[in-house]
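Here's the structure we're looking at; comments come further down.
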Amino acid sequence: MTLDPQVVRMMELLAKSKLPPLETLQPPAARKALTVRHLRARQAVGKLIPPEPVHAVEDLVIPVYGGEIQIRLYRPEGTGRMPALVFFHGGGFVLGSLQSHDDICRALANFTPCAVISVEYRLAPEYKFPTPLMDAYAAAEWVFANADDLQLDAQRIAVGGDSAGGNLATGVCRLAQERGGFRPCFQLLLYPATHLADETSSKRQFAKGYQLDDTLLHYFHQHYVHTEDEFQNPMVSPLLHAESDLAQLPPAHVLTAECDPLRDEGEAYARKLQRAGVPCTLTRYDGMIHGFLAMGAFLDRAEEGLREVAEVLRTNAFQRSV
């Protein structure tokens with residue numbers, strides 16, 4: 001295991017931000033600190049670049065159970081009904097926003113090309129499980145219900161996300177399977193959190209010094225659930241689903257990073273999908289850390305990864321037979 005030199009340099013820059021560890025802060029302060037940390041690091045490498053242009057970007061407010069949330073629709077150039085990815089951002093269910101994953105969504109919209117709908121689900125601990133999951137489900141349901149008005153091809157709408165967002169994407173697929181109202185054509189799981197209580201080899205090996213420390217994971221997980229008993233709920237820890245419950249899920253792609261505490265559980269989930277008969281591909285990025293796709297200001301392999309993901313969507317999720 002060798003960290004990519006650009007990862008080493010990035011972590012050195014982040015260490016110089018002199019901000020307190022996120023897990024020592026209350027969630028509202030942690031959200032602000034994360035933004036400041038990455039802004040300072042970008043300034044240090046001279047990469048305060050404007051967002052990648054997308055043909056059309058629109059913010060919308062949609063109804064969910066017990067309230068409203070914001071979504072952002074990215075639409076590349078093109079006419080007619082296009083395929084779409086409903087995307088749930090990462091951040092341990094506690095951090096993250098439309099803005100934190102704006103770069104990823106713009107890149108996927110342009111590289112694939114497809115529409116991307118980014119979902120600002122309500123965060124823990126203000127809104128614990130199952131609210132983030134139900135917000136994600138309601139957003140996907142809304143996109144399917146409004147596909148005609150949005151000029152989307154309802155037969156080619158995928159769901160996906162990174163880290164905690166990948167966890168939510170698995171839950172949306174299971175709920176859609178159980179309720180029968182809509183069916184995503186594909187699930188895109190980027191270094192997903194699939195078992196919130198499991199102790200794996202990668203969690204032990206990368207417990208300290210790889211951005212997603214064990215103390216930060218604990219902070220996220222404790223904020224998400226009401227009691228630790230909920231860690232055993234398959235809607236919280238999807239790796240606990242019986243294979244028979246996974247058998248009818250949409251095809252999937254799982255992407256993992258070698259130096260990521262969540263690597264083993266993500267790869268275990270991919271293997272479980274495969275054993276259940278679900279078409280599932282798996283890619284591991286050597287030398288990378290958790291969240292690397294959002295680190296394009298520092299890492300050349302972030303763009304490489306996003307282009308690979310776009311190719312997976314284009315060929316495995318959105319390609320129509322002629």
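The values are calculated or read from the model by the stated rules, or taken from the named source; none is laboratory data. The structure displayed is predicted, hence computed values, not measured ones. Methodologically, a virtual Cβ is constructed for each residue, glycine included, from the backbone with ideal geometry; neighbour enumeration extends over all protein chains shown.
Okay, here's what the table says:
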{"read-out": "Of the criteria (1) closer than 22 Å to Pro28 by Cβ; (2) in contact with a helix residue (DSSP H, G or I) (Cβ under 9 Å, 6 or more places away or on another chain), which one His226 fails", "value": "(2)"}
{"read-out": "Residues being out of contact with any Phe, Trp or Tyr (no Cβ under 8 Å at 6 or more places or on another chain), within 18 Å of Ala268 (Cα to Cα) and in a strand (DSSP E or B) - total across the stretch 143-187", "value": "1"}
{"read-out": "One residue from Ala164, Ala197, Ala154, Ala247 being of a type in the set (Gly, Ala, Ser), surrounded by fewer than 17 Cβ atoms within 10 Å (Cβ to Cβ) and modelled with pLDDT of 95 or more", "value": "Ala247"}
{"read-out": "Scan of the stretch 289-320 for residues that are more than 16 Å from the chain's Cα centre (by Cα) and hydrophobic (A, V, I, L, M, F, W, C), ordered by number", "value": "Ala297, Phe298, Leu299, Ala317, Phe318"}
{"read-out": "Meets criteria (of a type in the set (A, V, I, L, M), in contact (Cβ under 8 Å) with a residue 40 or more places away in the chain, part of a strand (DSSP E or B) and surrounded by 17 or more Cβ atoms within 10 Å (Cβ to Cβ)) for Val236", "value": "no"}
{"read-out": "Residue, nearest to Val309 (Cα to Cα), within the stretch 96-118, restricted to residues that are part of a loop (DSSP other than H, G, I, E, B) and polar (S, T, N, Q)", "value": "Thr112"}
{"read-out": "Among the residues listed as Val64, Val54, the single one being under 28 Å from Met134 (Cα atoms) and either buried (at least 18 other Cβ atoms within 10 Å of the Cβ) or aliphatic (A, V, I, L, M) (or both)", "value": "Val64"}
{"read-out": "Residues of the stretch 104-115 satisfying the condition of being over 13 Å from the mean Cα position of the chain (by Cα), of a type outside the set (Lys, Arg) and closer than 17 Å to Asp162 by Cβ", "value": "Ala107, Ala109, Phe111, Thr112, Cys114"}
{"read-out": "Enumeration of residues in the stretch 250-264 that are surrounded by fewer than 24 Cβ atoms within 10 Å (Cβ to Cβ) and farther than 21 Å from Glu304 by Cα", "value": "Pro250, Pro251, Asp264"}
{"read-out": "Some residue of the stretch 292-305 being of a type in the set (D, E, K, R) and either closer than 20 Å to Pro83 by Cβ or not in a helix (DSSP H, G or I) (or both)", "value": "no"}
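Let's see how each residue does on (1) among the acidic types (Asp, Glu); (2) modelled with pLDDT of 95 or more; (3) under 22 Å from the mean Cα position of the chain (by Cα); (4) surrounded by fewer than 11 Cβ atoms within 10 Å (Cβ to Cβ):
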site	(1), (2), (3), (4)
Met10	no, no, yes, no
Leu73	no, yes, yes, no
Arg81	no, yes, no, no
Leu85	no, yes, yes, no
